[in-house]
Amino acid sequence: MYTLLKQHGRAKRGQFETVHGTIQTPVFMNVGTAAAIKGAVSTVDLHEIGTQVELSNTYHLHVRPGDEVVKKLGGLHKFMNWDRPILTDSGGFQVFSLAGLRKIKEEGVHFHSHVDGRKIFMGPEQSMQIQSNLGSTIAMAFDECIPNPSTREYVENSVARTTRWLIRCKAELERLNGLPDTVNPHQMLFGINQGGTYADIRIEHAKRISELDLAGYAVGGLAVGESHEEMYHILDETVPYLPLEKPTYLMGVGTPANILEAVDRGVDFFDCVYPSRNGRHGHVYTNYGKKNLLNAKFELDDRPIEPGCNCPACRNYSRAYIRHLLKAGEMLGMRLCVLHNLYFYNTMMQEIRDALDEDRWPEYKKWKLAAVSGERTEP
């Protein structure tokens, strides 16, 4: 159950109660696609850096080790030793990202596995069955992430099919939750709003899926090639038509600035691979802009990544040492950068919640936007 605790303009401060614990929102979900954060980050680490929700992917876990394997081992929480909420993406994004390996039909999507080329079929029922086997806290509806740009005709047909798929997802998950051997009989379903960059299609779709009274609603199909301004415009137009009393999730977004702007527009949930992917390449986020630790200027820099940061990397190691590890190809360098970046994101979300609680959201947003853009001078 979602409780709206406070609003500042359209920015929401809430909490979402689940069978695996209460999520304080706005929240950034740390992405562990194949049940692990890339960069040798464990679930023990996730606890230490303040992670509330871990996100894994239905398609990737279906391919390996197999969702039936995970079910036999007690579900995803037990499998990866994580006792807090997990959201599983439905596999719908792979309809978009594996465009050369799939064929979309009304019943679902025919894939060729990116791992071994074997044929895979996934439709709404199959996606729900896989996610039920995984036993995640929140299951995402199976949809098509529409390429940008797309013609209006294509978008209208795709959105109509996504709506039909959502109705099938809801019916199937309700059936699965009632089975005696289901891993998590309290699994919740989030629907996904689509419509490309056509605001009117987005609005009509938001109205339609809101009628289904789901546990939450996502805005999908953004951050796939459109400008930031287009993304913000779609949020401005669409979010007001999603239920205020349910959490709103902006999928696959994004940079710290993207998150701040989306919170201002009423978004509760976020996920993105940026902090872990950038960290593996030595790019770290700070309140003095993003830094590339591979740069030669850090060779003799004995300061932490960000002075005052309380993450495991900054408490113990210098920029110079982490740069050496990265240059030497040592996994520890990647691990420390990923830990720092995830801690930075998780801490930023706590700061956002505190600012909303304490009625200083506009001042905080202005300060943080300047900080992450590098406008502040490092002491």
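The values are calculated or read from the model by the stated rules, or taken from the named source; none is laboratory data. In this text the structure is predicted, and so the values were computed from the model without any measurement. In this analysis, Cβ positions are derived from the backbone assuming ideal geometry, glycine residues included, and neighbour counts consider all displayed protein chains. Only protein heavy atoms, including side chains, enter the accessible area calculation; ligands, DNA and RNA are left aside. Shrake-Rupley method; radii C 1.70, N 1.55, O 1.52, S 1.80 Å.
Numerical summary
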{"read-out": "Of all residues making up the stretch 350-379, the number that are of a type in the set (A, V, I, L, M, F, W, C), surrounded by fewer than 21 Cβ atoms within 10 Å (Cβ to Cβ) and closer than 21 Å to Ser276 by Cα", "value": "2"}
{"read-out": "Scan of the stretch 293-317 for residues that are without any contact (Cβ under 8 Å) to a residue 60 or more places away in the chain, under 25 Å from Ala36 (Cβ atoms) and open to solvent by less than 20 Å² (accessible area, probe 1.4 Å), ordered by number", "value": "Leu293, Ile305, Ala313, Cys314"}
{"read-out": "Among (1) assigned to a helix (DSSP H, G or I); (2) within 22 Å of Ser127 (Cβ to Cβ); (3) modelled with pLDDT of 95 or more; (4) within 18 Å of the chain's Cα centre (by Cα) - the single one Met29 does not satisfy", "value": "(1)"}
{"read-out": "Residue that is nearest to Val219 (Cα to Cα), among those in the stretch 141-185 that are of a type in the set (A, V, I, L, M) and open to solvent by 20 Å² or more (accessible area, probe 1.4 Å)", "value": "Ala160"}
{"read-out": "Test set (1) open to solvent by 30 Å² or more (accessible area, probe 1.4 Å); (2) at pLDDT 95 or above - Ile203 fails condition number", "value": "(1)"}
{"read-out": "Condition check for Ala320: exposed (fewer than 12 other Cβ atoms within 10 Å of the Cβ), of a type outside the set (Asp, Glu) and farther than 19 Å from Gly374 by Cβ", "value": "no"}
{"read-out": "Residues located in the stretch 234-253, provided they are more than 25 Å from Ser136 (Cα to Cα) and buried (at least 16 other Cβ atoms within 10 Å of the Cβ)", "value": "Ile234, Leu235, Glu237, Thr238, Val239, Tyr241"}
{"read-out": "Checking Gly66 against (1) under 28 Å from Gln126 (Cα atoms); (2) open to solvent by 50 Å² or more (accessible area, probe 1.4 Å); (3) without any contact (Cβ under 8 Å) to a residue 12 or more places away in the chain, the condition it does not meet", "value": "(2)"}
{"read-out": "Which listed residue, of Thr182, Thr197, is assigned to a loop (DSSP other than H, G, I, E, B), β-branched (Val, Ile, Thr) and under 15 Å from Val159 (Cβ atoms)", "value": "Thr197"}
{"read-out": "Segments classed as strands (runs of 3 or more DSSP E), wholly inside the stretch 54-140, with at least 3 members that are over 16 Å from the mean Cα position of the chain (by Cα)", "value": "102-105, 108-112, 119-122"}
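Table: residues versus (1) more than 30 Å from Ala257 (Cα to Cα); (2) open to solvent by 50 Å² or more (accessible area, probe 1.4 Å).
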residue	(1), (2)
Tyr2	no, no
Ile23	no, no
His62	yes, no
Gly74	yes, no
Phe79	yes, yes
Pro85	no, no
Asp89	no, no
Ser113	yes, no
